[in-house]
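The values are calculated or read from the model by the stated rules, or taken from the named source; none is laboratory data. Computed from a prediction, not measured in an experiment: that's the story for all the values here. Reconstructed Cβ throughout: ideal geometry from the backbone, glycine too, with neighbour counts over all protein chains shown. SASA here: full protein model, heavy atoms, side chains in, ligands and nucleic acids out. Shrake-Rupley method; radii C 1.70, N 1.55, O 1.52, S 1.80 Å.
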Amino acid sequence: MSTATAVARANIALAKYWGKSDVALNLPAVPSISLTLDPLTTETKVTLDATLERDLLLLGGKAAGESETRRAAKLLDGLRARCAETRFARVESVNHFPTASGLASSASGFAALAGAAQAAMGMALRPEEISAIARQASASAARSVYGGFVELPAGVPGDGDLAATRLYPPGYWDVRIVVAVANEGPKETGSTDGMEHTRNTSPYYDAWLHAAPALAADVKRGLETRDLARVGEAMEQSTLAFHACAMAAAPAVVYLQPVTLAALATVKRLRRDGVSVYATMDAGPHVKALCAAEDAARVSTALEATDGVLRIILASPGEGLTIDGVSAWWNRE
Ligand code: DP6
């Protein structure tokens, strides 16, 4: 048996990915920029076992459903084909996220799976190869291979190798993400389905495709000079533009809930009071606020007191992949 374990962290998109330019290759239609987050980690152990007749996926100790297992098996198939490996794998994945944080786990999950599986198969792939493999399973996962501030360009249809690149290491800028965990409410539409439905039915999809690259460029320019207002304003516009686009789909894809709007109002009030803080939301109701480290306590207190917010998680810039207990070499460059 060959085995390897990888740890990857969640990431939050400052400039959002929403929509695919090539569904089969899972290529994003727009560029995205993210921040990898501590302490939100997924730990995944891959064991190749000649006695298995199919890949097995255990999430938090429980057998995963058919569609999740298929998604993981597809990633494993791609890697097996690369190195003529014939054994199936037992995949054991655990999220070390504060309970029900509402933060997507597919990014850290597929980054950790790609990192652990290639190591278990005896390959020492380059980060851009691991990122491209993770991206095919879930585009946001391409970004979690790296720590700090990361960019995933838009994909040109047919480009199977598209990967993320690191813009800056985690120590570049001491910002915080304050996650206002909301009441979950009814089950949401997952991001894969939500963005496909948006692409197919929203009259605002073309407008989103047109607006997103400029917003990502603005986030990138703001990062260059550590300009929180510039990054924050573009980040808010990016998230509200994709939500508006999704809400215009038929039928509508609505992730925002009353608590989301209440938390957005808190962020706006804090800004009026002189705190530099900006909000972003993913395919769910939770608001994630970006601010300087020294303002994190004040932002946390205000969001925690907001109607409908269950609890606060404080996240900081985090590292990329760790494989078998060793931080990947590209984290140290
Ligand atoms: C709103 O990466 O989960 O979080 O590629 O279909 O797996 P798939 O989608 P996924 O989408 C993430 C969407 C988002 C914005 C972002 O993280 O950029």
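Here's the yes/no breakdown for (1) within 12 Å of the chain's Cα centre (by Cα); (2) farther than 17 Å from G19 by Cα; (3) of a type in the set (G, A, S):
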{"residue": "H96", "(1), (2), (3)": "no, yes, no"}
{"residue": "G109", "(1), (2), (3)": "yes, yes, yes"}
{"residue": "S131", "(1), (2), (3)": "no, yes, yes"}
{"residue": "A141", "(1), (2), (3)": "yes, no, yes"}
{"residue": "T165", "(1), (2), (3)": "no, yes, no"}
{"residue": "Y172", "(1), (2), (3)": "no, yes, no"}
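Scan E92, E53 and give me the residue that is away from the ligand (no atom under 16 Å from the Cβ) and within 18 Å of A137 (Cβ to Cβ). So that I can check it myself, show each step before the final result.
Values: E53 fails: within 18 Å of A137 (Cβ to Cβ).
Sole residue among the options that is away from the ligand (no atom under 16 Å from the Cβ) and within 18 Å of A137 (Cβ to Cβ): E92.
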Hey, any hits in the stretch 180-189 for a residue that's within 11 Å of the ligand (Cβ to nearest atom), in contact with a strand residue (DSSP E or B) (Cβ under 8 Å, 6 or more places away or on another chain), farther than 30 Å from S2 by Cα and not basic (K, R)?
no
Given the conditions (1) in a loop (DSSP other than H, G, I, E, B); (2) closer than 20 Å to A10 by Cβ; (3) touching a Pro at 6+ places or on another chain (Cβ under 8 Å), which single one is not true for L256?
(2)
Identify, please: which residue in the stretch 1-34 is open to solvent by less than 10 Å² (accessible area, probe 1.4 Å) and away from the ligand (no atom under 11 Å from the Cβ) and is, among those, farthest from H197 (Cα to Cα)?
A4
Matching residues in the stretch 164-179 - criterion: being away from the ligand (no atom under 14 Å from the Cβ) and more than 29 Å from T306 (Cβ to Cβ):
T165, R166, L167, Y168, P169, G171, Y172
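Given the structure, is G320 touching a helix residue (DSSP H, G or I) at 6+ places or on another chain (Cβ under 8 Å) and at pLDDT 95 or above? Let's see the steps before the verdict.
Values: touching a helix residue (DSSP H, G or I) at 6+ places or on another chain (Cβ under 8 Å): yes; at pLDDT 95 or above: yes.
So G320 fits the description; yes.
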Within the stretch 116-163, restricting attention to residues that are open to solvent by less than 20 Å² (accessible area, probe 1.4 Å) and in a strand (DSSP E or B), which residue is farthest from the ligand (Cβ to nearest atom)?
F149
Suppose we filter the stretch 312-333 for residues that are assigned to a strand (DSSP E or B) and loosely packed, with under 15 Cβ neighbours inside 10 Å; how many remain?
2
So how many residues does the stretch 67-100 have that are farther than 19 Å from I323 by Cβ and in a helix (DSSP H, G or I)?
9
Which residues, taken from the stretch 48-66, are open to solvent by 60 Å² or more (accessible area, probe 1.4 Å) and in a loop (DSSP other than H, G, I, E, B)?
A50, T51, E53, R54, G61
All-but-one check, A246 against (1) within 14 Å of the ligand (Cβ to nearest atom); (2) of a type in the set (G, A, S); (3) open to solvent by 40 Å² or more (accessible area, probe 1.4 Å); (4) modelled with pLDDT of 95 or more, failing number (3)
Which number in (1) within 13 Å of the ligand (Cβ to nearest atom); (2) over 23 Å from A64 (Cα atoms) marks the one condition that S106 misses?
(2)
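Test of understanding: among R71, R82, which residue is in contact (Cβ under 8 Å) with a residue 40 or more places away in the chain, under 18 Å from A6 (Cβ atoms), more than 16 Å from the ligand (Cβ to nearest atom) and open to solvent by 20 Å² or more (accessible area, probe 1.4 Å)?
Numbers: R71 fails: more than 16 Å from the ligand (Cβ to nearest atom).
Unique residue meeting the criteria: R82.
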Give the stretch 216-243 a look and list any residue that's open to solvent by 10 Å² or more (accessible area, probe 1.4 Å), more than 23 Å from T201 (Cα to Cα) and either hydrophobic (A, V, I, L, M, F, W, C) or in a helix (DSSP H, G or I) (or both), or say none.
A217, D218, K220, R221, E224, L228, A229, R230, E233, E236
